[in-house]
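A short worksheet on the structure shown next.
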Amino acid sequence: MHTMPKRPLKQGDFEHPIPAETLAHLNDLIADKDWKQVKWLLPESFLQRRIVCLNYMTLQRMIRQRATHKLEEWPAFIDQVRGQVSHPEFLKED
């Protein structure tokens, strides 16, 4: 949310395309600095960058619980985590 005023939103900022009218409306709200409305109206597919600090036990539990989750984002998250940790051998599914 802190970087939103730096540039208008574009389709690449969303996981899935949103209607052009919605995008234009959000950009108008951003230009007007109406942050509450922007926050309320942002579609769920808005991509945000987050930095998270977790230990291996927590990650292992998340992987175990969500390995067969029906949302496709979870397997992608698990693959990303395994590719970025220093010791992926600690994250085996049991």
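At a glance:
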quantity	calculated
Arg82 vs. criteria farther than 30 Å from Ile18 by Cα and of a type outside the set (Phe, Trp, Tyr)	yes
Helices (runs of 4 or more DSSP H) within the chain that include 3 or more residues loosely packed, with under 13 Cβ neighbours inside 10 Å and hydrophobic (A, V, I, L, M, F, W, C)	20-31
Residue among Gln37, Gln60, Gln65 that is at pLDDT 90 or above and in the same structural domain as Glu15 (by TED's automatic domain parsing)	Gln37
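The values are calculated or read from the model by the stated rules, or taken from the named source; none is laboratory data. This one's a predicted model, so the numbers in the text were calculated from it and none came from an experiment. All Cβ positions, even for glycine, are placed from backbone atoms using ideal geometry, and neighbour counts span all protein chains on display.
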